[in-house]
Every structure is written in C-alpha cells, then in structure tokens.
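Engineer: Once you've had a glance at the structure underneath, I'll fire off some questions.
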Amino acid sequence: MPVFITGASSGLGAALARHYAAQGQTLGLLARRADRLQSLMESLPGQHQMYVADVCDRDALHAAARDFQRCVGFVDTVIACAGISAGTLTECEDDFSVFNAIMQTNVSATVSSFEPFVTDMKAKRTGTLVGIASVAGVRGLPGAGAYSASKAALATYCESLRLELKPHGVNVVTIAPGYIKTEMTAQNPYAMPFLMDADAFAVRAVKAIGAARSYIVIPWQMGVVGKLMRLLPNWLYDRLAVNAPRKPRRSPVPIDSDK
C-alpha cells in the first residue's frame, strides 16, 4: 500500500512514516529539509522515495507526486502533514505576511497535495486522503487568528471534499491533533494538557486512517474538550478564553514547516 506523506522530515509526518514503514508500506516522503529527510530515510526499513520540496511550490509538489506514481503505480493513501504555526495580531501590519504564509501552507498546500491523486482514486474507486486539522480550529483562540482560521478552514474543506468523493469510493479522513510532542509544540510557552508522544499519536492515527474515520481528535481527551468548547455560548467562551495563553509571534520566513 504506497503512502505519500508531506511534511515528513519531523513531527507528525516523520512519526507516521516510521509507523507505515514498520508495517512494510512503500513511502513517498516530501519535505523542505534535505538533511532531516535523508536521516529519516536511512532509519526506515524498506525502499522509499524522497522528495525535497516546499509544499507551497505547487509545481514541485505535483512533480514529486507524479514521480512517486510512476515509481509505485497506484498510491493508496495521501497524508498532508506539512503545516506551520505562529502567533499573529491584526494590529501588527508585519503579521499580514505571516497570516498569508500560514493559510497557504496549512490550507492551499493541502489542496495541492491532494490534486494529483484524486483522478486516479476516483477511477479505481478506492483510496484515502488525509488532512491534518487541529483542536485549535474548533474555536478562535486569542493571538492565534491565522492558525485557528487555517485549521477551521482545513477541516471544512476536508468535509466538503469527503462529500464530493464519497460517491466515488474515495475516503477523506480529517485528524485533529491536540497537543503532540513536536518541534512546533516545543515553542509553546504554556502548559499543554494531555500532551502525547508523536509515535503514540501515529499509532492511533494510522488505525483511524485504516478505518476510514471521517473525523477524529487525538488524543480522545482533547476531543471531549473540543466538544465542550463547541457547546459554550459566546458570552461564556469569551469570558473563559479571553486571557488564554498565546502563541509567540515570530517571522514567517523561514519557520518550521514540517509538523
């Protein structure tokens, strides 16, 4: 079962690559950082394909996808793991470029990651596309307007895509991680409840992908938190969240773009 993973050089992408490789799957791994990606490739059992590209470069991403298809034939699973995160404030005009970078990487690049595979999956009436959303997309968080908006948009996009492709036998799975131990969350200067190891996350994610779950929060405890957040009326949510800890602001170029 060939699997194509973006954002594979670290974090969730690397953890998923390790898990699938241990199962004997053939992988196409794409990320910006060649040294990290090469180290991961050398650590994995089996023969895999490595692609060094930025997911925001649509042409390069499509070229990598086409090459992997030529190498392995039908690609059963595509996981768009690449993502970036940073605090943003609307009154800080310099943050506009950060906002755009987050939306492009987290939303538009997911679309670009799926595009090359959809026609083949529809023709064969099988396959799975996986988008990585976040519990941070359930409600808007102060200081994280770009990140919350991008993950809310990603989840809604995946839902639309799921409805479009369901009649054609193609699955779309949305995974919303809570706090997972990665380089991205290591930058958070606040306590993170139910913090989960990335490899433990991968075990649960691969199981959910195999079961074609339409939407799942990992870990489950954050799913409960997310459901409660949805139920809160605005006046109560505002009172509870207005002083929530904030993601640090930082430059968008470059920031860690592999989850």
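Here, each number is a calculation from the coordinates, and none is a lab measurement. Just so we're clear, the structure is a prediction, and the values are computed from it rather than from any experiment. Glycine gets a Cβ as well: all are built from the backbone with ideal geometry, and neighbour counts include every protein chain shown.
Engineer: Can we say L29 is under 20 Å from V203 (Cβ atoms) and in a strand (DSSP E or B)?
Structural biologist: Spelling it out, L29 is indeed under 20 Å from V203 (Cβ atoms) and in a strand (DSSP E or B).
Engineer: Regarding A21, is this residue in contact with a His (Cβ under 9 Å, 6 or more places away or on another chain), at negative phi and crowded, with 24+ Cβ neighbours inside 10 Å? Show your work before the answer.
Structural biologist: On the way: in contact with a His (Cβ under 9 Å, 6 or more places away or on another chain): yes; at negative phi: yes; crowded, with 24+ Cβ neighbours inside 10 Å: no.
So A21 does not fit the description; no.
Engineer: Within region 26-37, how many residues turn out to be touching a residue at least 12 places away in the same chain (Cβ under 8 Å) and surrounded by fewer than 19 Cβ atoms within 10 Å (Cβ to Cβ)? Quick ask: steps written out before the conclusion?
Structural biologist: First, pick out the residues of region 26-37 that are touching a residue at least 12 places away in the same chain (Cβ under 8 Å): 26-34, 36-37.
Applying the additional criterion that residues be surrounded by fewer than 19 Cβ atoms within 10 Å (Cβ to Cβ) yields 33-34, 36.
Here the count works out to 3.
Engineer: May I ask you to verify whether L163 is more than 16 Å from the chain's Cα centre (by Cα) and surrounded by fewer than 17 Cβ atoms within 10 Å (Cβ to Cβ)?
Structural biologist: Working: more than 16 Å from the chain's Cα centre (by Cα): yes; surrounded by fewer than 17 Cβ atoms within 10 Å (Cβ to Cβ): yes.
So L163 passes the test.
Engineer: Among the residues of region 105-126, count how many are surrounded by fewer than 17 Cβ atoms within 10 Å (Cβ to Cβ) and in contact (Cβ under 8 Å) with a residue 12 or more places away in the chain. Steps first, answer last, please.
Structural biologist: Of all residues in region 105-126, those surrounded by fewer than 17 Cβ atoms within 10 Å (Cβ to Cβ) come to 111, 115, 119-120, 122-126.
Within this subset, residues satisfying the condition of being in contact (Cβ under 8 Å) with a residue 12 or more places away in the chain are 111, 115, 120, 122, 124-126.
Residues that pass the stated criteria total 7.
Engineer: If I ask for residues that are over 24 Å from Q23 (Cβ atoms) and either among the hydrophobic types (A, V, I, L, M, F, W, C) or touching a strand residue (DSSP E or B) at 6+ places or on another chain (Cβ under 7 Å) (or both), which ones from region 180-214 would you list? Break it down into steps so the answer makes sense when it comes.
Structural biologist: Residues of region 180-214 that are over 24 Å from Q23 (Cβ atoms), as a first pass: 183-195.
The answer is M184, A186, A191, M192, F194, L195.
Engineer: OK, next. Going by the structure shown, is L40 in a strand (DSSP E or B), surrounded by 16 or more Cβ atoms within 10 Å (Cβ to Cβ) and not hydroxyl-bearing (S, T, Y)? Spell out the reasoning first.
Structural biologist: On the way: in a strand (DSSP E or B): no; surrounded by 16 or more Cβ atoms within 10 Å (Cβ to Cβ): yes; not hydroxyl-bearing (S, T, Y): yes.
Criteria not met by L40.
Engineer: Can you tell me which residue in region 152-190 is farthest from S9 (Cα to Cα), limited to those that are out of contact with any Phe, Trp or Tyr (no Cβ under 9 Å at 6 or more places or on another chain) and small (G, A, S)?
Structural biologist: The residue in question is G169.
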